[in-house]
Amino acid sequence: MKKARFGVVGAGLWGSFHCRTLAALAGAELVAVCDLDPARVAAMQAEFGAPKTYTDYRALIADPDVDAVTVATPDFAHADIVLAAIEAGKHVMSEKPLATTLAEAEAIAEAAAKRGVTVMVDFHNRVNPAVSALRDAIGAGEIGRPLHASARLSNTLFVPHELLSWAARSSALWFLGSHAVDALRFVMGAEVTRVQAMVRRGHLAAGGVDTADVHLSLLEFDNGAIAQLENSWVMPRDMPLVFDFKLEIVGETGLVAADTAQNGAFRKYAGAGLRTTDLFGVTPAAGGRIGGFVMEAIARFVDAVTIGAPVIADARDGLQVTRVLAAIEEAAATGRTITLASGVA
C-alpha cells in the first residue's frame with residue numbers, strides 16, 4: 001500500500017500528537033513539520049524524524065511531497081491555513097474550532113465543497129468511548145426522546161495562565177465550547193436553533209489574561225431538547241485534572257450521563273491533594289500502534305485520505321459549531337435571544 005504523505009502545521013502539544021500518530025501508522029508518512037518557532041520545529045523533527053521543516057505554512061502546503069496537511073495551531077490561526085490547503089488541492093484536518101468567525105467558516109465549507117478534497121475537523125470526542133456510549137444509547141431509543149441536557153467542559157486556571165501563551169486571543173467558549181457543542185449535536189443527532197447566554201469577565205483580566213472568565217449558555221435544539229452549557233477558565237488549580245467534562249441527557253424514559261474526567265481508576269496523593277490521570281484520551285502504546293481516542297481521531301483522518309473512509313466530522317460540522325459559538329457570543333454581548341437561521345448549510 002502506498003503511503004500518504006503528511007505535513008503538520010503547529011509544533012505544540014497537539015502538534016506532537018499529530019506527529020506521533022502519523023509517524024506510527026503504516027499508511028502514513030510524516031514528511032514535514034512547520035511552526036513559527038524554529039526551535040520547536042527542530043525539537044519535533046528530532047523526536048519524530050520528519051525529513052523537512054518549515055517556518056511558513058505556505059511553503060509546506062506548496063511542497064509537492066505533501067499530500068495532506070494537519071493543522072494544530074492556536075484557535076484563531078486555523079482558517080487561513082485550512083483555506084490555503086484546500087485551494088492547493090491538499091486534504092486537510094484542522095483542530096477545533098474550524099474558524100473563529102462565521103465568515104471564515106462559511107468560506108472554508110464553500111471551498112471544501114467546490115474542491116472536493118477531504119476536510120476533517122478534529123472533534124475527537126466523537127470517538128471518546130464515553131461520548132460514543134451516550135450516542136449509542138440515545139440512538140437505540142433507550143431513554144426515549146431527549147428532553148433536556150447539560151454539558152460542562154471547563155479548565156482550571158492553569159490552562160489560560162500557563163498552558164496557552166495565546167489564551168487572551170481566545171476564550172473557554174472557543175477552546176472548549178467547540179467540543180461541548182459538537183458533543184451535544186453528536187449524541188442527540190440534532191442541531192441548535194436558538195441561543196441565550198451570559199458572560200462574566202474580570203478575574204482572568206486582573207491576572208494579566210484579558211479574556212472571558214466563563215460563558216453560560218442555553219441552547220434549544222431542533223428535536224425540542226434544551227441544554228445548559230458551561231465553559232469556564234477559572235476552575236481552581238487543585239482540581240484532580242486540568243479539565244472537567246460532564247454530559248447528561250434526560251429523556252422521556254431515562255437518563256444517560258458521562259463524566260469523562262473523573263473516572264476514578266487512578267488516584268494519586270503526593271503532596272498536592274488528589275490527582276488523577278486521563279485514561280481515555282492518550283494511552284500507552286508500543287511502536288507501530290497508537291493509544292487513546294485523541295490518537296484514534298487523527299488516525300481516522302489517515303483512513304479518510306488513504307482508503308476513503310468517512311471523516312468523523314467534516315467542514316459542515318465545523319461551520320455549524322462556529323455558527324453556534326458566534327451566536328453565543330452575540331447573545332452574551334447583547335442580552336438577546338439569537339435564532340439560528342437554518343440547520344446544516
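Remarks
- Taken over region 233-249, the residue count meeting the criterion of being under 18 Å from residue 182 (Cα atoms) and β-branched (Val, Ile, Thr) is 1.
- Region 1-25 - residue that is part of a loop (DSSP other than H, G, I, E, B) and more than 19 Å from residue 165 (Cβ to Cβ) and, of those, modelled with the lowest pLDDT: 1
- Answer residue from region 229-254, given it is acidic (Asp, Glu) and open to solvent by 20 Å² or more (accessible area, probe 1.4 Å) and is nearest to the chain's Cα centre (by Cα) among those: 230
- Flag for residue 34 being open to solvent by less than 50 Å² (accessible area, probe 1.4 Å), over 24 Å from residue 87 (Cβ atoms) and touching a Leu at 6+ places or on another chain (Cβ under 8 Å): no
- Scan of region 119-129 for residues that are among the acidic types (Asp, Glu) and open to solvent by 40 Å² or more (accessible area, probe 1.4 Å), ordered by number: none
- All conditions in (1) more than 28 Å from residue 204 (Cβ to Cβ); (2) part of a loop (DSSP other than H, G, I, E, B); (3) in contact with a strand residue (DSSP E or B) (Cβ under 6 Å, 6 or more places away or on another chain) hold for residue 264, with the sole exception of (3).
- Of all residues in region 280-303, those satisfying the criterion of being of a type in the set (A, V, I, L, M) and under 18 Å from the mean Cα position of the chain (by Cα) are 282, 294, 295, 297, 298, 299, 302.
- Residue check for residue 70: among the hydroxyl-bearing types (Ser, Thr, Tyr) and touching a His at 6+ places or on another chain (Cβ under 7 Å): yes
- Test set (1) in a helix (DSSP H, G or I); (2) free of Cβ contacts under 8 Å to residues at least 40 places away in the same chain; (3) open to solvent by less than 40 Å² (accessible area, probe 1.4 Å) - residue 92 fails condition number: (1)
- Within region 292-325, the set of residues being open to solvent by 10 Å² or more (accessible area, probe 1.4 Å) and not in a helix (DSSP H, G or I) comprises 292, 308, 309, 310, 311, 312, 314.
- One residue alone among 97, 64 is farther than 26 Å from residue 318 by Cα and part of a loop (DSSP other than H, G, I, E, B), and that residue is 64.
- One residue stands out in region 314-345 among those that are more than 21 Å from residue 172 (Cα to Cα) and within 21 Å of the chain's Cα centre (by Cα): the one that is modelled with the lowest pLDDT, namely 345.
- Flag if residue 132 is closer than 21 Å to residue 97 by Cα, assigned to a strand (DSSP E or B) and either open to solvent by 20 Å² or more (accessible area, probe 1.4 Å) or at pLDDT below 95 (or both): no
- The set of residues in region 260-272 being surrounded by fewer than 18 Cβ atoms within 10 Å (Cβ to Cβ) and either charged (D, E, K, R) or under 22 Å from the mean Cα position of the chain (by Cα) (or both) consists of 262, 263, 267, 268.
- Failed condition for residue 257, given (1) part of a loop (DSSP other than H, G, I, E, B); (2) more than 15 Å from the chain's Cα centre (by Cα): (1)
- Pair list, Cβ under 6 Å, 6 or more apart: region 32-50 residue free of Cβ contacts under 8 Å to residues at least 60 places away in the same chain, other residue among the charged types (D, E, K, R) and not in a loop (DSSP other than H, G, I, E, B): 32/52
- Just one of the listed residues (28, 59) is over 24 Å from residue 163 (Cβ atoms), open to solvent by less than 50 Å² (accessible area, probe 1.4 Å), modelled with pLDDT of 95 or more and touching a Cys at 6+ places or on another chain (Cβ under 8 Å), and it is 59.
- Check on residue 34, in contact with a strand residue (DSSP E or B) (Cβ under 6 Å, 6 or more places away or on another chain) and over 24 Å from residue 281 (Cα atoms): yes
- Which listed residue, of 116, 144, is surrounded by fewer than 18 Cβ atoms within 10 Å (Cβ to Cβ) and at pLDDT below 95: 116
The values are calculated or read from the model by the stated rules, or taken from the named source; none is laboratory data. These figures come from a predicted structure and were not determined experimentally. For neighbour counting, all protein chains shown are included, and Cβ atoms are generated from backbone atoms with ideal geometry for every residue, glycine included. The area values use the complete protein model at the heavy-atom level, side chains included, leaving out ligands, DNA and RNA. Shrake-Rupley method; radii C 1.70, N 1.55, O 1.52, S 1.80 Å.
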